[in-house]
Amino acid sequence: MPKSHDNLTDADLVRAVGSGDRDAYAALVDRHLQSVHAVAMRITCDAAAAQDISQDVFVRAYERLYLYDGNHPFRNWLLKIATNLSLNHLRSRQRERILHLRAAEAREDSAGGRREDPDIPGPQEWKHWLGQLDETQRTVIVLFHFHEMPYTEIADVLDVPLNTVRTHLHRARKRLRELMTAGPMRENGKWNVAR
Amino acid sequence: MECREIEWLIDAYLDRTLSRRVAGELGAHLESCSVCRKTYGPMLRLLSSPEPIAVPDGLRDRIAAAVSESTLAPAARREHPKAAVGAGRGIRRIAMPWAGAIAASVAFFAMGWLGSRWWVNRPTELHPFDRGREHPPARVVLSPWAMSNLAQAMASHASASPIALVAQAATSEWLVESLFRPPPALPARATTAPAASGVEADVEPAVPILPPVIRL
């Protein structure tokens with residue numbers, strides 16, 4: 001990234017891209033690639049799909065930069081595109097997903113409703129746990145907890161009312177709690193609740 | 001702090017609405033209560049400290065190449081961001097999808113209106129095809145309402161059946177007619193000149209046979 005872009009805000013960079021500065025767009029990619037890729041990865045739980053989606057996000061954003069109104073952070077605009085593309089990807093693979101869920105349920109049933117497998121993943125294995133939520137619950141968890149997107153932005157991304165986002169989030173946490181407490185507890189040092 | 005309070009406190013903590021003092025008390029409770037720790041601990045750890053995800057090597061270059069090969073013409077690309085900050089975009093986005101529908105609707109309404117006016121006011125003599133018939137045939141007039149409904153359906157690509165369309169138009173036509181039609185005027189009584197015999201006779205006026213009009 002050229003040094004001259006370091007001190008510019010996202011809005012400045014967007015304007016620079018508008019006046020033909022391609023390096024400005026490279027700077028925007030550098031700034032937000034990590035977040036975009038992480039959102040795609042966490043929603044799809046698929047490394048190859050996350051790369052394709054990340055590429056699509058930045059190409060689409062470049063081609064449709066005129067749609068960015070500047071009222072919201074540029075990062076959130078990118079994450080909105082990433083979320084929609086990720087959800088589209090999941091829906092296109094709905095059949096495989098259903099089979100995956102059925103297999104997961106079958107594993108749960110065979111364990112008598114409780115996970116007694118000693119190799120059950122710990123809390124750091126986000127892919128294992130998030131993969132068991134439905135796509136909407138996973139999306140709100142990823143956007144709110146992992147990318148600190150406010151409720152209003154999530155409601156905008158998912159095109160649902162604000163209270164629906166709260167409901168999805170509450171249910172997603174409850175589901176996660178049920179899933180994660182069904183297995184053996186992994187003590188891992190002291191709790192670090194206070195921020 | 002009791003265990004039954006923990007669930008909503010955890011929710012408030014995760015919503016970032018808990019004060020530091022209460023969050024401290026919550027942490028202390030989780031330290032001391034093994035049941036709550038077991039219930040909420042794994043989820044808290046997962047949501048509070050997500051594992052970072054590294055960007056794969058080469059992805060940035062791949063994106064740069066894809067952006068440079070974007071199908072949009074460079075001139076168009078330069079115009080887009082300028083338009084982004086400009087005003088008036090919202091009006092265009094709202095108005096454009098409806099412009100065709102509105103124009104078609106107005107055009108069809110005008111055609112229907114003028115057509116029906118012409119039909120009603122046309123010369124009274126019968127069409128050559130109808131000469132020799134005892135009664136004139138019924139006139140079928142496609143009203144402006146029907147034309148307008150048809151235009152709207154066409155413009156919105158609606159898959160409405162023709163019967164439903166005609167029924168809708170006829171209903172709206174009937175409603176408007178019944179609401180706004182003035183009461184029928186009483187027929188004027190014709191007075192004739194006194195006959196030669198000096199007896200005045202009331203003669204019913206000759207009622208012309210008008211063709212029934214079926215308005216769609």
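The values are calculated or read from the model by the stated rules, or taken from the named source; none is laboratory data. These figures come from a predicted structure and were not determined experimentally. Virtual Cβ from ideal backbone geometry, glycine too; neighbours counted across all protein chains shown. What goes into the accessible areas is simple: the full protein's heavy atoms, side chains included, and nothing from ligands, DNA or RNA. Shrake-Rupley method; radii C 1.70, N 1.55, O 1.52, S 1.80 Å.
Applying a threshold of 6 Å to beta carbon distances and a minimum spacing of six or more residues, or different chains, the list of pairs starting in segment A:61-76 at a residue that is at negative phi and ending at one that is of a type in the set (D, E, K, R) and crowded, with 16+ Cβ neighbours inside 10 Å reads A:F74/A:D10; A:N76/A:E153.
Which members of segment A:175-186 meet the condition of being modelled with pLDDT of 50 or more and either open to solvent by less than 90 Å² (accessible area, probe 1.4 Å) or in a loop (DSSP other than H, G, I, E, B) (or both)?
Listed by number, the residues that qualify are A:R175, A:L176, A:R177, A:L179, A:M180, A:T181, A:A182, A:G183.
For segment A:187-195, the criterion of a residue being open to solvent by less than 30 Å² (accessible area, probe 1.4 Å) and at pLDDT 85 or above is satisfied by no position. Would you confirm whether or not segment A:90-110 contains a residue that is surrounded by 13 or more Cβ atoms within 10 Å (Cβ to Cβ), at pLDDT 85 or above and assigned by TED's automatic domain parsing to the domain that holds A:F74? Within segment A:90-110 (the criterion being surrounded by 13 or more Cβ atoms within 10 Å (Cβ to Cβ), at pLDDT 85 or above and assigned by TED's automatic domain parsing to the domain that holds A:F74), the answer is yes, since at least one residue qualifies.
Table: residues versus (1) open to solvent by less than 90 Å² (accessible area, probe 1.4 Å); (2) under 24 Å from B:T17 (Cα atoms); (3) at pLDDT below 75.
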{"residue": "A:N88", "(1), (2), (3)": "yes, no, no"}
{"residue": "A:Q124", "(1), (2), (3)": "yes, no, yes"}
{"residue": "A:T136", "(1), (2), (3)": "yes, yes, no"}
{"residue": "A:T139", "(1), (2), (3)": "yes, yes, no"}
{"residue": "A:M149", "(1), (2), (3)": "yes, yes, no"}
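Search segment B:15-28 for residues that are closer than 19 Å to A:E148 by Cα and pair each with any residue that is in a loop (DSSP other than H, G, I, E, B) and open to solvent by less than 60 Å² (accessible area, probe 1.4 Å) when their beta-carbon atoms are under 7 Å apart and the residues are at least 6 apart or on different chains. The qualifying pairs are B:R20/A:A194; B:A23/A:V193; B:A23/A:A194. A search for C-beta distances below 7 Å between a residue of segment B:105-119 that is under 13 Å from B:L150 (Cα atoms) and any residue that is open to solvent by 50 Å² or more (accessible area, probe 1.4 Å), counting only pairs 6+ apart in sequence or on different chains, returns B:S105/B:Q152; B:F108/B:L150; B:G112/B:L142.
The set of residues in segment A:17-37 that are small (G, A, S) and either open to solvent by 10 Å² or more (accessible area, probe 1.4 Å) or at the interface with chain B (Cβ under 7 Å from one of its Cβ atoms) (or both) comprises A:G18, A:S19, A:G20, A:A26, A:S35. Mind checking whether some residue in segment B:57-67 is facing chain A (nearest Cβ under 9 Å), open to solvent by 80 Å² or more (accessible area, probe 1.4 Å) and not in a helix (DSSP H, G or I)? Scanning segment B:57-67 turns up no residue that is facing chain A (nearest Cβ under 9 Å), open to solvent by 80 Å² or more (accessible area, probe 1.4 Å) and not in a helix (DSSP H, G or I).
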